[in-house]
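Nothing in this text is a laboratory measurement; each read-out follows from the coordinates by a stated rule. It should be emphasised that the depicted structure is a prediction, and the values quoted were computed from it without experimental measurement. Neighbour counts run over all protein chains shown; Cβ positions are idealised from the backbone, glycine included.
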Amino acid sequence: MIRYPVNLRELRARIEAKSPGWLAEAERRTEEFRRAGTYNEKDPIWGRIKSVYMDLQHDKCAYCERKLATTDFGGSIEQDMDHYRSKAGVRQWPTPEIARERNISYGFATGDPFPEGYHLVAYHSLNYVVVCKKCNSPLKSNFFPIASVRVQGDDPASLQVERPFLPYPLGDLDEDPEKILTFEGVSPVPRLKRGPRRRRAVVTIDFFELDNREELWRERVTVIDHVYMALELMQAGDLRQRKHARRSLAWLVSPDAAHTNCARAFRSLYRRDRQRADEIYRAALAYRDSQSP
């Protein structure tokens, strides 16, 4: 995960430009939910503004950083508009089944169920991200683990007192995800060895299965291969090759590329510990070769 910079004013302006009148309609619907005390509608309208979030996220899943098909080319097949805080019926995570299947056991609480859901932020601009189908339906579902006590409210900033485990990557509402988790080769790892940020990283990795999805491993192997080769050419290539390598590396670590966090982490490792980077590079290639028919 990485952060995608945007402030609320800019985000609302983008939404209004994409779908004039959407914000006013969102406020009207929120007031209906407030009076009813629950989320209850049959014709949601957040799909109208999905492309706003796709643009902000550089056409990537907000959680696993996979590249997604754009909204004008079959995007609905592999992407969803996700409510960061579930709009209705939040379940406790992990369930006994998930804990058993994934061997999850924490020495800390992850939040009680919340049957009424976060219905007052169902239409808040800072409660959306676009995600891949895998991260959303089977994994995110209607779970939302937190470290404190659940509260109801219509402002995501005020709800941060819940101390959510999952980072929100848009704007500066939450911590920069790269201060929470990083990568050791293809494997996501906590940035810190102890404390709240480590717990957030552990839960996030477990929650989205970021450490055991083969499609993510394969894509990260390719990223590491490309970053390594660019760095090598910057050291030993001729003038033309070094220039090309610098341009390639700049793109690989930019928000436009898939798995930016992984690419940035490997670049940093290469610069501070060349021997370890060589070992990880060889291990990545060995994994790729093992997957070949």
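Explain nothing, just the number: dipole magnitude of the stretch 214-291 about its Cα centre with +1 on each Lys and Arg Cβ and -1 on each Asp and Glu Cβ, in debye rounded to the nearest 20. So the dipole magnitude of the stretch 214-291 works out to roughly 460 debye. Considering only Val149, Leu231, Gly171, the residue lying farthest towards the positive end of the dipole of the chain is Leu231, judged by Cα position with unit charges set on Cβ. Summarising the amide proton neighbourhood of Phe165: residues at separation of 5 or more, or on other chains, whose placed amide H is nearer than 5 Å comprise Ile146, Ala147. Gyration tensor analysis over the Cα atoms of the stretch 214-291 returns equivalent ellipsoid semi-axes of 20, 15, 12 Å (largest first, whole Å).
Here the dipole of the chain is about 820 debye; that uses its Cα centre as origin and unit charges on the Cβ of Lys and Arg (positive) and Asp and Glu (negative).
Determine the distance separating the Cα centre of the stretch 56-71 from the Cα centre of the stretch 139-210; give it in Å without decimals. If we compute the Cα centre of each part, the gap is 18 Å. Screening the chain for whole DSSP H helices with an alpha carbon extent of at least 30 angstrom along the helix axis and a mean Kyte-Doolittle hydropathy of at least -0.5 yields 214-236. Ranked by the mean number of other Cβ atoms within 10 Å of their residues, highest first, the peptides 89-100, 50-61 come out as 50-61, 89-100.
Contact order, relative form, for the stretch 214-291: 34 percent (alpha carbon pairs under 8 Å, 6 or more residues apart, mean separation divided by residue count). Which of the residue pairs Lys87/Lys179; Lys50/Lys179; Lys67/Lys179; Lys42/Lys134; Lys18/Lys50; Lys67/Lys134 have a Cα-Cα distance greater than 19 Å in the structure shown? Violating the 19 Å Cα-Cα cut-off are Lys87/Lys179; Lys50/Lys179; Lys67/Lys179; Lys42/Lys134.
Helix-only arithmetic for the chain: the sum of -39500 (n - 2.57) across DSSP H runs with n ≥ 4, divided by the residue total, places the mean residue ellipticity at 222 nm at -13500 deg cm²/dmol. Taking the Cα centroid of the stretch 99-118 and of the stretch 233-268, what is the distance between the two, rounded to the nearest whole Å? Spelled out, the Cα-based centre of one part sits 39 Å from the other.
Could you check what % of the DSSP bridge pairs in the chain are antiparallel, to the nearest 5?
Around 85 percent antiparallel, to the nearest 5.
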